[in-house]
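As structure tokens, the structure follows; a few thoughts come after it.
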Amino acid sequence: MNMEPIIQIKNVSKEFKVLNRREGLMGSIKDLFSRNYKIINAISNITMDIMPGEIVGYLGPNGAGKSTTIKMMTGVLKPTSGEILVNGRVPYENRTKNAQNIGVVFGQRTQLWWALPVIESFKILKEIYRIDDKVYNDNLELYNNLVGVKELYSKPVRQMSLGQRTLCDILAAFLHNPSVVFLDEPTIGLDVTMKSKIRELITELNRVKNTTVILTTHDMGDVDALCKRIIIIDKGTRIYDNSIENLKDYFGAYRTLKLMFSKNPEDNTEENLNKIAAEIQTSLHKEFPSAENIAVCSNEEWIDIFINEDEIKMMEIMNFIQNTRNIVDVKITEISTESVIKKIYEGGVK
Amino acid sequence: MKIKKKTNTLRYYAHIYRMILAQDLKSKMNYRADFIISNVGIIATNVSGFIAFWIMFQNFPSILNWTYYEMMFLYGFSLIALTPVQLFFDNNWNLRFQVYSGDFIRYCFRPINLFFYYISEVFDIKGIGQFAFGAGTLIYAWKNLGLSVTPLIILKLIIALFSASLFMIAIMNIAAATCFWITNSGIVMVFMFNFKDYARYPITIFNSIFRFIFTFIIPIAFIAYYPSLIFLRPDNVPLLTYLSPFIGIIFFYISYKVWITGAMQYSGTGS
């Protein structure tokens, strides 16, 4: 099948001119007369193609340039160089036209009318986007089947919980059957039930309507539940663009084993814990020389042991430590998005 | 063809505005106390302004040949002309907060004129109280001045009020739009908004510098003085009065351009 990409980003860079502010009152006065700018590269030379119907996780630490890229794709920002095409159109050249074919949900900033019941907001959106009666009614029916939101419809947005509001914002973003929907941290600040509800909703909407979804998030759960492909950027450059399977193969074996040796705060001084961490690190390296990736550090009252299970099984390590020390509490955590990204950045995985 | 497209666009916007307005009013009816208190508030503000005006006239029989009722005419006329800016353009007051916090970005993704979309969000019912007070004052002055009431004069009054209202809207659009470039635009807005109080005086009481400023730079003389001359000094109407609808439209258009230019280059804060 030979499909045209729905979003094409070719060698796109974005520079911002930032005023170098001088310190103090005298500095401010000097700034008034001689402006001293520095150039910041928010995005440098990014290229990617996104196919219709894909759900792409767009990840990166804070300040990596995710929002900047999304703003360029929605036409709010103009790239300094390079070319962006969304639906075959240059977004910043005709922002209003582009808006007709995209949907945007920006985290906690609702785009619904604050004082109005949701259904009234939907009706206004129907007019703004000139949505067909049939399309509109079909969508409402679909929404009702998916999440059963009918009883929410008469509630003013202002009185909704964050979760309900996010849900409605997502529904509103899909209402005019856009070909691309941008979701910027849609599950931020939500409880577990709501998170999974929203993930299911996005999955279903994508499946039924074949809408392309670009999702930025810091929540690995979102990525696992939704994305087949992820793109990671850091400091404005693309450092990873591949399937999630590839990432899981690589990092799935990483775990953090958290151990606590005493509940007594007097034993858990920072100095003491650092000493214990150093001792464990030395003894582990001596005992398991093949496990090169083991790293031990103290983290509040815990000792964190970073393990690659391909090298060594976690239970072996726990048994070994248990022989010499008394463990009072144990936690095992998966590797977090942030550390995956950090790992990728350090390791340069492609 | 082009004209047809234009009227269609106009109908589209009018339709959407009506929808938003109807919904907004419906939801505001649920807060009757809010409606009553805000209107009582704005009427009280206007009454206190009026008392100051009345006390002044207890001491002077006239100001530069402008009698008590003529001054009252200007007063009422200016209040009505200042009603649209209050009723329909009040969201300009929130602009700087939205821009500063980054919330303004949420207006940027609709396939609709950004200025219209932003401004249509808020309808400030306080304006109704102001309109009622202004209309009462104007009618009272009209009667006491013994002015005639003919269909032609009513038409003139409506055109004069409409064009007069454009000036304050334009001033506030520009004042609000400064927030796209400077952080302290609140001061600019308050400063500009306070000029409206000078609109109710005949411009001839100011010296030539202020006369020039209030005519050509911050054109508040067009809010009441110039248009009122048609009714109060029909034998001696200056050219500027006749031009005021055109100047008003041009000025409004400029203010819209300034606003939209600022809004289009807005790109929000980090998130």
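The values are calculated or read from the model by the stated rules, or taken from the named source; none is laboratory data. As the structure is a prediction and not an experimental result, all values here were calculated from the model. Neighbour counts are summed over all protein chains in view; Cβ atoms, including those assigned to glycine, are modelled from backbone coordinates with ideal geometry. For the accessible areas, the whole protein counts, side chains as well, though only heavy atoms, and no ligand, DNA or RNA atoms are used. Shrake-Rupley method; radii C 1.70, N 1.55, O 1.52, S 1.80 Å.
For the reader, a short list of remarks on this structure follows.
- Some residue of region B:7-18 being in contact with a strand residue (DSSP E or B) (Cβ under 8 Å, 6 or more places away or on another chain) and either within 14 Å of chain A (Cβ to nearest Cβ) or in contact (Cβ under 8 Å) with a residue 24 or more places away in the chain (or both): no
- Complete set of residues in region A:263-295 that are of a type in the set (S, T, N, Q) and either modelled with pLDDT under 85 or over 20 Å from A:THR333 (Cα atoms) (or both): A:ASN264, A:ASN268, A:THR269, A:ASN272, A:ASN274, A:THR282, A:SER283, A:SER290, A:ASN293
- Listed by position, the helices (runs of 4 or more DSSP H) contained in region A:65-136 that have at least 1 residues being more than 9 Å from chain B (Cβ to nearest Cβ) and buried (at least 18 other Cβ atoms within 10 Å of the Cβ) are A:66-74, A:118-128.
- Any hit, region A:189-200, residues being within 14 Å of chain B (Cβ to nearest Cβ), closer than 29 Å to B:TYR12 by Cα and either open to solvent by 60 Å² or more (accessible area, probe 1.4 Å) or in contact with a Phe, Trp or Tyr (Cβ under 7 Å, 6 or more places away or on another chain) (or both): no
- Entirely in region B:72-146, the helices (runs of 4 or more DSSP H) that have 2 or more residues that are under 30 Å from A:ALA173 (Cα atoms), among the aromatic types (Phe, Trp, Tyr) and within 14 Å of chain A (Cβ to nearest Cβ): B:92-101, B:114-119
- Selected residue (criterion: modelled with the lowest pLDDT) from residues of region A:41-51 that are open to solvent by 10 Å² or more (accessible area, probe 1.4 Å) and touching a Ser or Thr at 6+ places or on another chain (Cβ under 6 Å): A:ALA42
- Wholly enclosed helices (runs of 4 or more DSSP H) of region A:187-255 bearing at least 2 residues over 16 Å from the mean Cα position of the chain (by Cα): A:192-209, A:244-251
- Only one of B:ARG11, B:ARG96 that is open to solvent by 60 Å² or more (accessible area, probe 1.4 Å), modelled with pLDDT of 90 or more, farther than 16 Å from B:ALA141 by Cβ and charged (D, E, K, R): B:ARG11
- Per-region count, region A:52-63, residues crowded, with 23+ Cβ neighbours inside 10 Å and assigned to a loop (DSSP other than H, G, I, E, B): 1
- Odd one out for B:THR204 among (1) of a type in the set (S, T, N, Q); (2) in contact with a strand residue (DSSP E or B) (Cβ under 9 Å, 6 or more places away or on another chain); (3) within 14 Å of another protein chain (Cβ to nearest Cβ): (3)
- Residue match in region B:27-50 (condition: closer than 27 Å to A:LEU125 by Cβ and in contact with a strand residue (DSSP E or B) (Cβ under 7 Å, 6 or more places away or on another chain)): yes
- Residue match in region A:180-200 (condition: without any contact (Cβ under 8 Å) to a residue 12 or more places away in the chain and aliphatic (A, V, I, L, M)): yes
- Entry remark, region B:191-245: residues being among the hydroxyl-bearing types (Ser, Thr, Tyr), assigned to a loop (DSSP other than H, G, I, E, B) and closer than 17 Å to B:ILE171 by Cα number 0 in total.
- Breaking point among (1) open to solvent by 40 Å² or more (accessible area, probe 1.4 Å); (2) modelled with pLDDT under 85, for A:TYR254: (1)
- Single unsatisfied condition, A:ILE244 versus (1) buried (at least 19 other Cβ atoms within 10 Å of the Cβ); (2) farther than 28 Å from A:ILE128 by Cβ; (3) in contact with a Cys (Cβ under 8 Å, 6 or more places away or on another chain); (4) not aromatic (Phe, Trp, Tyr): (1)
- Looking only at residues in region B:248-271 that are in contact (Cβ under 8 Å) with a residue 40 or more places away in the chain and either within 15 Å of the chain's Cα centre (by Cα) or buried (at least 21 other Cβ atoms within 10 Å of the Cβ) (or both), the one that is farthest from B:THR150 (Cα to Cα) is B:TRP259.
- Set side by side, the residues A:THR216, A:THR212, A:THR203 differ, and just one is closer than 26 Å to A:GLU54 by Cβ and in contact with a Lys or Arg (Cβ under 6 Å, 6 or more places away or on another chain), which is A:THR216.
- Scanning region A:9-38 for residues being open to solvent by 100 Å² or more (accessible area, probe 1.4 Å) and either assigned to a helix (DSSP H, G or I) or of a type in the set (A, V, I, L, M) (or both) gives a total of 5.
- Flag not set for A:GLU151, criterion: away from every other protein chain (no Cβ under 14 Å), open to solvent by 50 Å² or more (accessible area, probe 1.4 Å) and within 20 Å of the chain's Cα centre (by Cα).
- The single condition among (1) within 30 Å of B:PRO234 (Cα to Cα); (2) open to solvent by 60 Å² or more (accessible area, probe 1.4 Å) that B:ARG32 does not satisfy is (1).
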